[in-house]
Amino acid sequence: MSGHGTPVPMMSTACGPLTGEAHVPGDKSISHRSLILGALSVGETRIEGLLEGEDVLDTARAMRAFGAEVIDHGGGAWSVFGVGVGGFAEPDQVIDCGNSGTGVRLIMGAMATSPITATFTGDASLNKRPMARVTDPLALFGAQSVGRSGGRLPMTVVGAADPVPLRYVVPVPSAQVKSAVLLAGLNAPGQTVVIEREATRDHTERMLAGFGAEIVTRDTDEGREITLTGQPELVAQHIVVPRDPSSAAFPVCAALIVPGSDVLVPNIGLNPTRAGLFTTLREMGADLTYENLREEGGEPVADLRARFSPDLKGIEVPPERAASMIDEYPVLSVVAACATGRTVMRGVKELRVKESDRIEAMATGLRANGISVEDGPDWWIVTGQGHGNIPGGATVASHLDHRIAMSFLVLGMVTQSPVTVDDASPIATSFPVFEPLMQALGARIARSPA
Ligand SMILES: O=C(O)C1=C[C@@H](OP(=O)(O)O)[C@@H](O)[C@H](O)C1
Ligand SMILES: C=C(OP(=O)(O)O)C(=O)O
């Protein structure tokens with residue numbers, strides 16, 4: 001929901017070895033899509049393992065506002081009784097997507113080709129983020145929108161009464177933009193074609209196929225071309241949400257840098273469009289293994305085992321890998337700080353338009369804790385200090401960004417003096433059990449007086 005309560009300062013103090021199993025919650029991207037596609041299908045979609053973080057709960061509320069029946073059975077089990085493609089009702093209230101870029105952008109796409117009007121808002125972070133990247137292609141379908149200057153929320157979208165399909169080359173590497181166009185294409189007649197120059201997470205495509213849409217992906221000279229045939233009848237599904245690799249990143253990276261650690265993170269989805277961090281860590285010399293590698297629901301899944309890795313080396317992260325690890329750069333920069341040599345991260349301009357400007361937020365906080373960082377518009381370089389050499393001791397700002405908060409709490413596990421995050425409450429958007437889960441492994445994180 002829009003606006004956060006009282007800030008929750010949190011302190012992380014150097015700890016002994018992290019050990020045990022870390023059962024991280026369900027995948028956030030897949031959780032949003034399960035609710036939205038469930039709402040656009042006919043029949044009862046049963047979802048198990050839904051991430052019950054604030055971002056996803058806001059999407060659940062939004063789907064109710066558009067007319068779907070959404071039932072929480074408890075323990076991550078949910079049902080969605082959908083209204084079918086083109087069946088969204090006009091909400092009689094403002095849709096508050098809280099902190100969630102994925103939520104607002106996908107929902108805008110899903111309603112933009114129906115003859116209804118909806119107004120969207122979010123928290124102070126979301127209301128600063130660019131929406132024109134979504135409303136521009138939605139306008140080509142015939143939808144109109146008016147928001148604050150710079151294409152910011154709050155924003156009203158008037159759906160197209162007579163949508164036309166399109167062929168659209170996504171100008172930025174963004175799964176949210178691609179997904180918004182595909183979801184809008186669902187209620188347009190004929191074929192909607194989306195081309196992405198860089199492959200981004202493909203959960204929307206996989207799930208649309210699973211719900212019975214006709215969708216074909218092929219590689220072309222222009223990039224990945226996705227063709228969706230409009231106005232299908234989507235059929236309700238039973239979805240088991242895999243656990244989130246972006247959340248797994250935190251216990252994995254913590255285990256790699258805290259001496260003596262050995263942590264198992266079971267059942268992590270390793271879809272290649274999401275697993276770039278783990279490849280990068282292994283290239284840096286991380287003792288990170290995939291155990292029990294298997295296929296589940298058409299996706300590779302493994303139990304990740306991460307052990308303390310004393311000889312981490314800085315590397316140049318290939319820019320073409322950026323999309324597959326875009327949310328993991330903040331915590332990678334913490335591992336980079338503990339390595340020897342420089343870790344060079346290029347082609348990451350998108351980091352500047354997330355919940356915060358993540359390059360700026362991390363660079364400022366890392367410098368305050370004694371780590372050297374250089375940065376430019378679409379790159380940054382962290383110079384590793386080696387194990388045990390990071391002073392720490394600073395209080396950093398999380399800027400309403402869950403990944404910034406969690407990354408600095410991981411940093412504090414290895415610094416000479418504790419690291420404090422001014423507000424850890426945003427962690428509840430994606431990883432509500434972060435604090436008890438990390439404490440159970442042995443981390444010393446605690447709410448601290450403001
Ligand atoms: O489609 C999705 O579920 C997401 C796409 C990415 O955003 P962009 O599409 O802005 O790159 C990612 O950063 C976000 O956490 C989730
Ligand atoms: C960028 C993120 O999410 P969103 O864009 O959905 O707010 C994230 O979870 O790191």
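The values are calculated or read from the model by the stated rules, or taken from the named source; none is laboratory data. Only a predicted model underlies this, so the values are computations on that prediction, with no experimental measurement involved. A quick note on method: Cβ atoms are made from the backbone with ideal geometry, for glycine too, and the neighbour counts reach across all protein chains shown.
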Here are some residues: Val414, Val419. Which one is of a type in the set (A, V, I, L, M, F, W, C) and under 27 Å from Asn99 (Cα atoms)?
Val419
Of those in region 34-51 that are within 15 Å of ligand 2 (Cβ to nearest atom) and in contact (Cβ under 8 Å) with a residue 60 or more places away in the chain, the residue surrounded by the most Cβ atoms within 10 Å (Cβ to Cβ) is Ser34
When residues of region 192-201 are filtered for being outside any loop (DSSP other than H, G, I, E, B), among the hydrophobic types (A, V, I, L, M, F, W, C) and touching a helix residue (DSSP H, G or I) at 6+ places or on another chain (Cβ under 8 Å), how many remain?
1
I need the full set of residues from region 202-222 which are in a loop (DSSP other than H, G, I, E, B), within 23 Å of the chain's Cα centre (by Cα) and surrounded by fewer than 23 Cβ atoms within 10 Å (Cβ to Cβ), in order please.
Asp202
Test Ala77 against the stated conditions and say whether it is within 16 Å of Lys28 (Cα to Cα), of a type in the set (A, V, I, L, M, F, W, C) and at pLDDT 95 or above.
yes
Hits in region 1-35 - residues which are polar (S, T, N, Q) and modelled with pLDDT under 95:
Ser2, Thr6
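Each row is one residue, and each column tells you yes or no for (1) buried (at least 17 other Cβ atoms within 10 Å of the Cβ); (2) touching a residue at least 24 places away in the same chain (Cβ under 8 Å); (3) in contact with a Phe, Trp or Tyr (Cβ under 8 Å, 6 or more places away or on another chain); (4) over 21 Å from Val433 (Cα atoms).
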site: Val252; (1), (2), (3), (4): yes, yes, yes, no
site: Ile268; (1), (2), (3), (4): yes, yes, no, no
site: Pro272; (1), (2), (3), (4): no, yes, no, yes
site: Arg282; (1), (2), (3), (4): no, no, no, yes
site: Thr289; (1), (2), (3), (4): no, no, no, yes
site: Arg294; (1), (2), (3), (4): no, no, no, yes
Can you find a residue in region 174-182 that is away from ligand 1 (no atom under 12 Å from the Cβ) and crowded, with 16+ Cβ neighbours inside 10 Å?
no
